[in-house]
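*Asks:* I have a structure here, written as structure tokens, and I will follow up with some questions on it.
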Amino acid sequence: MSTNAQGVDRIFAEETNRLTAERLPIGAVAFALVFGAAWVFEHAAHPERDAVFAVIYAAELLTVGAAVLLIRQPGWRRHSRRIAVATAVALLGWICAYHVAVRGEAEILASALIYLATGTMVLFPWGWQGQLCVALGTVLVFGVAVALGERLATPLAINLLGLGTVSALTVSGAAFLSRHRWRFLWQAAQLRAANAALEDANQTKNQFLASVSHELRTPLNIIVGYTDLLLEGHFGTLAPEVSDTLDRIARNGRSLVYLISDLLDLARIEAGRLTVRLAPVRLAPMFEEMSRFVEPRLRSVDVRFRTEVPDSLAVVADRHRLEQILVNLLSNALKFTERGEIAIRAGEPVSSTVAIEVHDTGVGIEAGELPRLFEPFSQGANGRKAGGVGIGLSLSARLAAAMGGTLSVTSQVGHGSTFVLQLPVATE
């Protein structure tokens, strides 16, 4: 047997004892009520049996009461299954004793025994072993009662056949339920092991992303830094075609730095290590920075860019993270808009919240792709055609949540998209 199966066997045994301990009081109450109600019919037919019934019924109540009290003791709780089986067998004995004492009807005794056998099979998860004890006890006490004078209205063989068949069925039913409960626990254990392995793999992936992102970002920053120095003329005047080439290198280098930063931040978020520093951030200067980011990229396309924001409007945010979100949203707008307009705008706060909208007149997003749009590494059909890895929107949504805001989108194919970033307004 594998170590995993042995672990499931241990859990199975512990759960069996726990469930039996929880259900034994229920079974005790059900037994007391049913056999208490049976006294009404017994009294109507045979009032002379009242004294014997009262003695046996009291003994039965003492038996189930003692069992319930016993399993409440911490030291005995792990033996709940054995205690329940012993209690059921003892009750069979008391039922037999009553019928022997009053020389009752065998068919009524058989009905009572069948009730007890099927009730225990349904109520207690003790498997075929526990139910077998009850089933054998059922047949045995019936035979003893008949041997000691129980009255038979039908042949003994027919009674034993019916009682034996029902008893065998209860054992089969208990085995079936027990097997499926064990299999469920085994599958649950397999799922826990798989989840643990996935969590380990996810942690390894996050560590890898963090390490690789850091190692890539350092040389890239140096490349972009020296490219800027060249463009600024620190190493002499450059020919126009050289300046244009270096400008493209610098722009694409910065895009790569942003992408690597996104990967690193996504790994930090999934590892629970991302920190944000919230403070009032004025939107007008931020939008000016976005203009400097967008406008050089519009020189070769027929797209206008505009901003709308009240001069004094401010939000509570981490300035660096807010810039990161806006760069991601505007980069997507640039990627998917060939003509028309890209706009970033913010209006007056509503309910202490400012809505920052990034709108474009690009290709739009299919309605079926919207529910998965903010999942990591998820891309729509247009996104896969345009390239990229599909982390910008997922990261932006998580950064927005980390700052106490939300990110949502509305879109219509062929008419563009509007991303709405909701952030708390900064009060004076």
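*Asks:* In deg cm²/dmol, rounded to 500, what helix-only [θ] at 222 nm does the chain give when every DSSP H run of at least 4 residues adds -39500 (n - 2.57) and the total is split over its residues?
*Replies:* Values: 12 runs with 285 residues, N = 428.
My calculation for the chain gives -23500 deg cm²/dmol from helical runs alone.
*Asks:* Just need the relative contact order of the stretch 200-270 here, percent rounded to a whole number, with Cα pairs under 8 Å and 6+ apart.
*Replies:* The normalised contact order for the stretch 200-270 reaches 51 percent.
*Asks:* What does the charge dipole of the chain about its Cα centre add up to, to the nearest 20 debye, if the Cβ of each Lys and Arg holds +1 and the Cβ of each Asp and Glu holds -1?
*Replies:* That gives a dipole near 1140 debye.
*Asks:* Pick out which of LEU326, LEU185, LEU33 has the largest mean-square fluctuation in a Gaussian network model of the chain, springs linking Cα atoms closer than 10 Å.
*Replies:* Comparing LEU326, LEU185, LEU33 in a Gaussian network model of the chain, the most mobile one is LEU33.
*Asks:* OK, next. Per the Cauchy relation, a quarter of the hull surface: what is the mean projected area of the convex hull of the alpha carbons in the chain, in nm²? Present the calculation step by step, with values, prior to reporting the outcome.
*Replies:* On the way: hull surface 141.5 nm².
One quarter of the hull surface, i.e. the mean projection, equals 35.4 nm².
*Asks:* Find how many whole Å separate the alpha carbon centroid of the stretch 309-342 from the alpha carbon centroid of the stretch 97-135.
*Replies:* Result: 76 Å between the Cα centres.
*Asks:* Show me the helices of the chain, taken as full DSSP H stretches, that run 18 Å or more along their long axis by Cα and average -1.0 or above in Kyte-Doolittle hydropathy.
*Replies:* Answer set is 3-45, 50-71, 80-102, 106-123, 127-147, 156-231, 240-270, 319-336.
*Asks:* If I histogram all Cα-Cα distances within the stretch 200-270 using bins 5 Å wide from 0, what percent of pairs lands in each bin?
*Replies:* 3, 17, 21, 17, 12, 10, 8, 6, 4, 2, 0
*Asks:* What whole-number volume per residue, in cubic angstrom, does the convex hull of the C-alpha atoms of the stretch 3-195 give?
*Replies:* Values: hull volume 21.4 nm³, N = 193.
Once divided by residue count, the hull of the stretch 3-195 is 111 Å³.
*Asks:* Evaluate the relative contact order of the stretch 279-424 (contact order divided by residue number), counting alpha-carbon pairs under 8 angstrom at least 6 apart; express in whole percent.
*Replies:* Worked out over the stretch 279-424, it gives 24 percent.
*Asks:* A further question on this structure: Give the shape of the stretch 255-370 as rounded, prolate or oblate, defined through the alpha-carbon gyration tensor: a ≥ b ≥ c are the square roots of its eigenvalues, a/c under 1.5 means rounded, and otherwise the shape is prolate if a/b is larger than b/c and oblate if not.
*Replies:* Working: a/c = 1.58, a/b = 1.15, b/c = 1.38.
It is oblate, given that a/c is not under 1.5 and a/b is not larger than b/c.
*Asks:* Right, next: Mean separation of Cα pairs under 8 Å and 6+ residues apart, divided by the residue count of the stretch 1-98: what relative contact order is that in percent?
*Replies:* 39 percent
*Asks:* For the chain, set up a GNM with springs between Cα atoms under 10 Å and report which of PRO155, PRO349, PRO285 has the largest fluctuation.
*Replies:* Answer for the Gaussian network model of the chain: PRO155.
*Asks:* What full-extension length gain, to one decimal in nm, is calculated for ARG306 and GLU341 as 0.36 nm per residue of separation minus the Cα-Cα distance?
*Replies:* Details: separation 35, 0.36 × 35 = 12.60 nm, distance 0.79 nm.
Here the answer is 11.8 nm.
*Asks:* What does DSSP give for the stretch 241-361 in terms of the percent of beta bridges that are antiparallel, rounded to the nearest 5?
*Replies:* In the stretch 241-361, approximately 60 percent of DSSP beta bridges are antiparallel ones.
*Asks:* Another one. Provide the percentage of antiparallel DSSP beta bridges, counting only those with both residues in the chain; round to the nearest 5.
*Replies:* On the way: 26 of 34 bridges.
About 75 percent, rounded to the nearest 5.
*Asks:* Further question on the same structure: Between LEU373, LEU399, LEU229, where does the largest GNM mean-square fluctuation fall for the chain, given springs only between Cα atoms within less than 10 Å?
*Replies:* It is LEU229.
*Asks:* Along the charge dipole of the chain, pointing to its positive end and built from +1/-1 on Cβ of Lys, Arg, Asp and Glu, which listed residue (ILE325, VAL350, LEU91) has its Cα farthest out?
*Replies:* LEU91
*Asks:* Report, in debye and to the nearest 20, how large the dipole of the stretch 279-424 comes out about its Cα centre when Lys and Arg carry +1 and Asp and Glu carry -1 on their Cβ. List each step's numbers first, then the result.
*Replies:* Working: 15 positive and 16 negative charges, 72 e Å.
Dipole of the stretch 279-424, to the nearest 20 debye: 340 debye.
*Asks:* Please compute the Cα-Cα pair-distance distribution of the stretch 122-196 with 10 Å bins starting at 0, giving whole percents from short to long.
*Replies:* Spelled out bin by bin, the stretch 122-196 gives 18, 33, 23, 14, 8, 4, 1 percent.
*Asks:* Further question on the same structure: Note down the magnitude of the dipole of the stretch 200-270 about its Cα centre, charges +1 on Lys and Arg C-beta and -1 on Asp and Glu C-beta and zero elsewhere, to the nearest 20 debye.
*Replies:* 100 debye
Values in this text are rule-based calculations from the coordinates and carry no lab data. In this text the structure is predicted, and so the values were computed from the model without any measurement. Cβ: placed from backbone, ideal geometry, glycine included. Neighbour counts: every protein chain shown.
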